[in-house]
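As structure tokens, the structure follows; a few thoughts come after it.
The values are calculated or read from the model by the stated rules, or taken from the named source; none is laboratory data. What you are looking at is a predicted structure, and each value in this text was computed from that prediction instead of being measured. Every residue, glycine as well, gets a Cβ built from its backbone with ideal geometry; the counts of neighbours run over all protein chains shown. Note: accessible area is taken over every heavy atom of the protein model, side chains too, but ligands, DNA and RNA are not part of it. Shrake-Rupley method; radii C 1.70, N 1.55, O 1.52, S 1.80 Å.
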Amino acid sequence: MDQTEQQFLNDLDKKLWSSADKLRSNLDAAVYKHAVLGLIFLKYVSDAFEERRKELESHFRDEGHDYYLGDDEDLIQEELEVRDYYTEKNVFWVPELARWKTLQDNAKLPIGTEITIKNGKTTQYKITSVGRLIDDALDAIEKENPKLKGVLNKTYASLQLEAAKMGELIDLVATIPFQHASLGAKDILGHVYEYFLGQFALAEGKKGGQYYTPKAIVSLIVEMLQPYKGRVYDPAMGSGGFFVQSETFIEAHDAQGSASVAGGRTPGATQGKLGNISVYGQESNPTTWRLAAMNMAIRGIDFNFGKEPGNSFTNDKHPDLRADFVMANPPFNMKEWWDAKLEGDPRWQYGTPPKNNANFAWLQHMLYHLAPKGSLALLLANGSMSSNTSGEGEIRKNLLENDLVECMVALPGQLFTNTQIPACIWFLTKNKKARNGNRDRSGEVLFIDARNTGYMKDRVLRDFKPEDIRSIADTYHAWKAEGQSLTIGGETIQYEDRAGFCKSVSLDEIKQHDYVLTPGRYVGAAEEEDDGEPFAEKMARLTAQLKEQFEQSDRLESEIKKNLAGLGYEC
């Protein structure tokens, strides 16, 4: 994205969020979130429908086009309502009641007003409330599009948001521009949806983090796994961030050949196309499940999230799935997860997970659903790398002895909106043999200590710059490559161990450390530049400097006490 486009989106973000937040009144962010995101979805499907409608009308009036209908105005209007013209282009069919113009034109009419709606036949619709009008619009879309059945959150009539505020919110969402000089509606509205998800996660704090993984972390994982082709699975999908970023990654590579999300670089020659991946997800929270489905629909991503929400452990919606790429950010150290029927489950191939901590249950669930040549990435709390509680150490040992662990990345603190628990990323694969330009990595694990990476974007949250993501991902790909060298964008990158950042470690060395996987234990400390001053002299100089500062502090304290006494205060 060029600077002009980015500036346009940044300005739009700030304007929309500040305006939407002012309209929130007394509603909690968790409730208001669905009101805003549901309207953004409604605006998008309506805009996409209208864009196709204008295209069709142009064809119908164009003598040189196969769809030309002459000057018969009635026939043109009749043909514009034929749903097949829309569905053949993967555009949702939007009945008249659900079209944005209908909604905006009628939202401020007096209660009891009857309006005329044409949906195949002319009918009268009585407005009982703004909320009911929106709910009925969403219901009409669901009925006409089976893929959206049970997806849309039809709770506007029960929202405690006054009619005037609801009308203002509709007018605000209406200002989201349909198109930009170089950005389409899908780009703009998809971006706004994702931005609002992030802002609501911040507003909700700990609760919000359950459905939203920071974009920086998602981008890093996607850039390292590179899901070009095949089945992509997330068993704790939240709002679907991994799928969105996978699509963004593939689009960038497909469009530019050697470009990528992390900043215009592609290791290897493999490219992907959007139609080459299929996404599978699962989420137990019904409202979050709907958020994810809307997130996919906005972007036109074909998805299979099961017919309804469900617990991945006790109600697996994809029991036979073996995915090529598995990515997840499940709840850290989840305590209430065990069920008696999970005893002896075939997923616990490397050891039964502790009943009071689901970390290794998630990991083994993901491994169970991984294809023989697949790769997975999992965000977990740092404790998972070293804990020996309730058999966790034995599970970790079994994973290593079976040569499943490929890379461990320690992350910096303050990346998450909902927790300050230090986190890491586990990268696992079932096949480390040489293939697709990668060397045989059997018996090796790459450790990356990225705790000092990134920058503080505000007083609370840390973020990654594109070059941070690039540095970590390039290190990983170079380590895997034949000869541990690869060319990216004309630049040759050679892998080498770097003190304080990365090290390739044999399984024998890991055994000597009792199978602990904390990167800091292996990469060591970064080498400091020698300034030429002998240690003894430096120590004497710094000690003298510290003594002088202590003496100065004592003098200042004495002066302050003297001044306060002069003002009548006792110290």
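Structure summary
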read-out	value
Filtered residue count, segment 109-142, keeping only those that are buried (at least 16 other Cβ atoms within 10 Å of the Cβ), of a type in the set (D, E, K, R) and touching a Gly at 6+ places or on another chain (Cβ under 9 Å)	1
Number of positions in segment 101-145 that are touching a Lys or Arg at 6+ places or on another chain (Cβ under 7 Å) and either under 19 Å from Ala174 (Cβ atoms) or of a type in the set (Ser, Thr, Tyr) (or both)	2
Residue, farthest from Pro95 (Cα to Cα), within segment 40-61, restricted to residues that are free of Cβ contacts under 8 Å to residues at least 40 places away in the same chain and either of a type in the set (Phe, Trp, Tyr) or assigned to a loop (DSSP other than H, G, I, E, B) (or both)	Arg61
Boolean, Arg290 is open to solvent by 10 Å² or more (accessible area, probe 1.4 Å), at pLDDT 75 or above, among the basic types (Lys, Arg) and out of contact with any Phe, Trp or Tyr (no Cβ under 7 Å at 6 or more places or on another chain)	yes
Residue, most open to solvent (accessible area, probe 1.4 Å), within segment 326-360, restricted to residues that are touching a strand residue (DSSP E or B) at 6+ places or on another chain (Cβ under 6 Å) and not aromatic (Phe, Trp, Tyr)	Asn333
Segment 67-83, subset in contact with a Phe, Trp or Tyr (Cβ under 9 Å, 6 or more places away or on another chain) and not aromatic (Phe, Trp, Tyr), residue most open to solvent (accessible area, probe 1.4 Å)	Arg83
Residue pairs meeting the criteria (Cβ under 6 Å; at least 6 apart or on separate chains; first part of a strand (DSSP E or B), in segment 299-310; second open to solvent by 40 Å² or more (accessible area, probe 1.4 Å))	Asn304/Tyr280
Exclusive hit being at pLDDT 95 or above and on the phi > 0 side of the Ramachandran plot, set Asp514, Asp497, Asp508	Asp514
Whichever residue in segment 517-534 is more than 30 Å from Glu401 (Cβ to Cβ) and under 36 Å from the mean Cα position of the chain (by Cα) and, among such residues, is modelled with the lowest pLDDT	Glu527
All positions within segment 468-502 that are closer than 17 Å to Leu225 by Cβ and touching a strand residue (DSSP E or B) at 6+ places or on another chain (Cβ under 7 Å)	Ile472, Asp474, Thr475, Tyr476, His477, Ala478, Trp479, Lys480, Ala481, Leu486
Any hit, segment 468-475, residues being among the hydrophobic types (A, V, I, L, M, F, W, C), within 26 Å of the chain's Cα centre (by Cα) and surrounded by fewer than 21 Cβ atoms within 10 Å (Cβ to Cβ)	no
